[in-house]
2 protein chains.
Amino acid sequence: MSGERSKAARNRPTIHDVAAAAGVSRGTVSRALNGGRNVSPAALQAVLKAVRTTGYVANPAARSLVTQRAHSVAFVLTEPQQRLFEDPNFSILLQGCTQELAELDVPVLLMTASTEVERKRTSRFIAAGHVDGVLLVSSHTGNPLLEELRDSGIPVVACGKPIGHEGQVAYAAADDRSGARLMVEHLRSRGRRRIATITGPPDTPGGVERLAGYRDVLGPDASPDLIAHGDYSRAGGEAAMAALLERAPDLDAVFVASDLMAAGALNVLHDSGRRVPEDVAVGGFDDSSIATSTRPALTTVRQPFQRITREMVRLLLEQIQGEPPAASILPTELVVRAST
Amino acid sequence: MSGERSKAARNRPTIHDVAAAAGVSRGTVSRALNGGRNVSPAALQAVLKAVRTTGYVANPAARSLVTQRAHSVAFVLTEPQQRLFEDPNFSILLQGCTQELAELDVPVLLMTASTEVERKRTSRFIAAGHVDGVLLVSSHTGNPLLEELRDSGIPVVACGKPIGHEGQVAYAAADDRSGARLMVEHLRSRGRRRIATITGPPDTPGGVERLAGYRDVLGPDASPDLIAHGDYSRAGGEAAMAALLERAPDLDAVFVASDLMAAGALNVLHDSGRRVPEDVAVGGFDDSSIATSTRPALTTVRQPFQRITREMVRLLLEQIQGEPPAASILPTELVVRAST
DNA sequence: ACAACTACTGTGCACGTTCACAGCGCGGTT
DNA sequence: AACCGCGCTGTGAACGTGCACAGTAGTTGT
């Protein structure tokens, strides 16, 4: 990254040029542009006009250097890269956070930390002060990155409850447990009696909480035969569904802990000759774009992604302002479609 | 974004601290860290050790200020936001570019420009010098952003041929036309005679080129009845398929210009009682993650996304170094699965 | 009348780095 | 012996901004 300066960089007007054009001093220009307090109306107008004529835009590096703030935020994904484009949830979170922050003129840096090398790089990068805070999308517990970030003192907001760090790390999450209860109660109300479940990984909050909600409703009916573990991937959903059919061929419903896994489960049920929902009812979780694209369309539990991203951003900005980390638990909603 | 300084920002070691710890001067530390030329082995070792003990990481803002380089790059998406999580192509491009650049320690800023407001914001942001270059993912022609960027003189690489700007703007693209030919020839070789197509929007390179490839093969057989336009969305694919069935109920194959639209078309064919591939063969384009998740799995044309992203990054870095914009056209490949 | 306050303005300094330059010692050539 | 070139080193300046401070003019209060 060296060589000729681009046309954009060359001759870019500085705050001095604006001051000269407006007939005031640098300080006045700076004040006029940052809040405009203690600036006379005449000076303010002159500055604004000079900004227009010169095409001045403040140099972010110079500003960062003196304010000790990067004025940007990192979105860090610790999941395998595959996930970003297989599971729409991640894109939705990314897009929601980006949009939310764009309105505040805060750019989002996208970083991944799925391998050891990437984690080191990301960690070092963040430690360098490139960003003021981190939006961390990492479901698996035990990832060293979270502790590294916490130790470095940089504001962090996790998406989903950070198991083992509750109270120390801010987070926003849907109420997984009661969402799962909603779904399982719904399946029961449809007359289903052999309700199986495909869970998320046991080291993720969604894996734990959604299973807990399932157990809340079924109690002793939640036999181990009816519980299979998935990894939130489509292939994982397929494998888990196949295992369930092997162990409990008489099941008449499945609550799947994510829409993507549910789509995999639907394919396996289809291949096994079972009709959905006549023979087996299928419930998902997320209400992602997948839910309406399967045949039949998925009954699912809606995660309020827009509120989640809004809360993540709010919690992060709060911490950047110096407030202590907090948490937000958001309600879920049952969305009934054709699969139950 | 003001308030207390975070723990990370407080007491961060500077190059002075490293110099003091190593018993050398700032200049020597700087030289040792940037290439290490004209530095004695003893000094180099001392500096490296001091860096380790102090935990020094260079301040990016200070570096940017003096080098006049942001050392970062923007990934700008001008499509409707919906697309980012509906169509895996965008996530793949994003993830590919991010990974490619991460290895060079260049962070990627994600920005959208789907509305007028966003475009203005993004344009201003880029003009401010936050980034050294732009990876532009914008299929529709006539977007003012491209001209704004070109006028500002910042290096830009488009993904897909920028219609009307060839030769002025660098780009990387798959060879859409010959890819389409591959698919239509394949359908013919399967004995299909009434081959329809669902195109992309006529103001996109994929919309134009893939249709041209279809016409190349079919010649006079490409009757208007057999051509429907989609918008690269799943819903668009559904609508186009429904229209085709209306106009040409005897069709026995469809070449769809994207996997996502093809998935929509499959659903409509399924709902209309037609069997795939027995009654109607369906070919997609992209070989995205969707292709293996439909039932039946999609025969499709593989876009070499990894090479595309690699080329985009290469072309961008070249321009940042001062070289003129160039273009890369990459070959496609037919992937035969169950839908044909 | 003078002091005290308010509203506004200009100036020096600092942020942390890179780069150009000058200085140094040392070995080899004139 | 004086000179030159070479490898290495330290130092001052500059990048462009925000902020603290000092200063000025005008207004209010006693």
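Values computed for the structure shown
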item: All positions within the range A:18-31 that are more than 9 Å from DNA strand C (Cβ to nearest atom) and crowded, with 17+ Cβ neighbours inside 10 Å; result: A:V18, A:A21
item: Any hit, the range B:218-234, residues being of a type in the set (D, E) and touching a Leu at 6+ places or on another chain (Cβ under 7 Å); result: no
item: So B:A158, is it in contact (Cβ under 8 Å) with a residue 12 or more places away in the chain and not assigned by TED's automatic domain parsing to the domain that holds B:R314; result: no
item: Test: residue in the range A:203-226 that is surrounded by fewer than 18 Cβ atoms within 10 Å (Cβ to Cβ) and in contact (Cβ under 8 Å) with a residue 60 or more places away in the chain; result: yes
item: Candidate set: the range A:49-59, residues that are more than 8 Å from DNA strand D (Cβ to nearest atom) and closer than 30 Å to B:V66 by Cβ; chosen: the one nearest to the other protein chains (Cβ to nearest Cβ); result: A:G55
item: Tally of residues being more than 12 Å from DNA strand C (Cβ to nearest atom) and either within 14 Å of chain A (Cβ to nearest Cβ) or out of contact with any helix residue (DSSP H, G or I) (no Cβ under 7 Å at 6 or more places or on another chain) (or both) across the range B:32-47; result: 3
item: Total residues in the range B:32-46, condition within 9 Å of DNA strand D (Cβ to nearest atom) and buried (at least 16 other Cβ atoms within 10 Å of the Cβ); result: 5
item: The range A:75-89 - residue that is facing chain B (nearest Cβ under 8 Å) and hydrophobic (A, V, I, L, M, F, W, C) and, of those, farthest from A:E147 (Cα to Cα); result: A:F85
item: Qualifying positions in the range A:64-73 - facing chain B (nearest Cβ under 8 Å), of a type outside the set (S, T, Y) and crowded, with 22+ Cβ neighbours inside 10 Å; result: A:A70
item: Some residue of the range A:101-108 being more than 16 Å from DNA strand D (Cβ to nearest atom), buried (at least 21 other Cβ atoms within 10 Å of the Cβ) and either farther than 27 Å from B:V117 by Cα or more than 7 Å from chain B (Cβ to nearest Cβ) (or both); result: yes
item: Boolean, A:T112 is farther than 20 Å from A:I320 by Cα, crowded, with 18+ Cβ neighbours inside 10 Å, hydroxyl-bearing (S, T, Y) and facing chain B (nearest Cβ under 7 Å); result: yes
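Okay, residues lined up against (1) surrounded by 19 or more Cβ atoms within 10 Å (Cβ to Cβ); (2) within 28 Å of A:P60 (Cβ to Cβ); (3) facing another protein chain (nearest Cβ under 10 Å):
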{"residue": "A:R121", "(1), (2), (3)": "no, yes, yes"}
{"residue": "A:I126", "(1), (2), (3)": "yes, yes, yes"}
{"residue": "A:L136", "(1), (2), (3)": "yes, yes, no"}
{"residue": "A:L145", "(1), (2), (3)": "yes, yes, no"}
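The values are calculated or read from the model by the stated rules, or taken from the named source; none is laboratory data. All values reported here derive from a predicted model rather than from experimental measurement. All Cβ positions, even for glycine, are placed from backbone atoms using ideal geometry, and neighbour counts span all protein chains on display.
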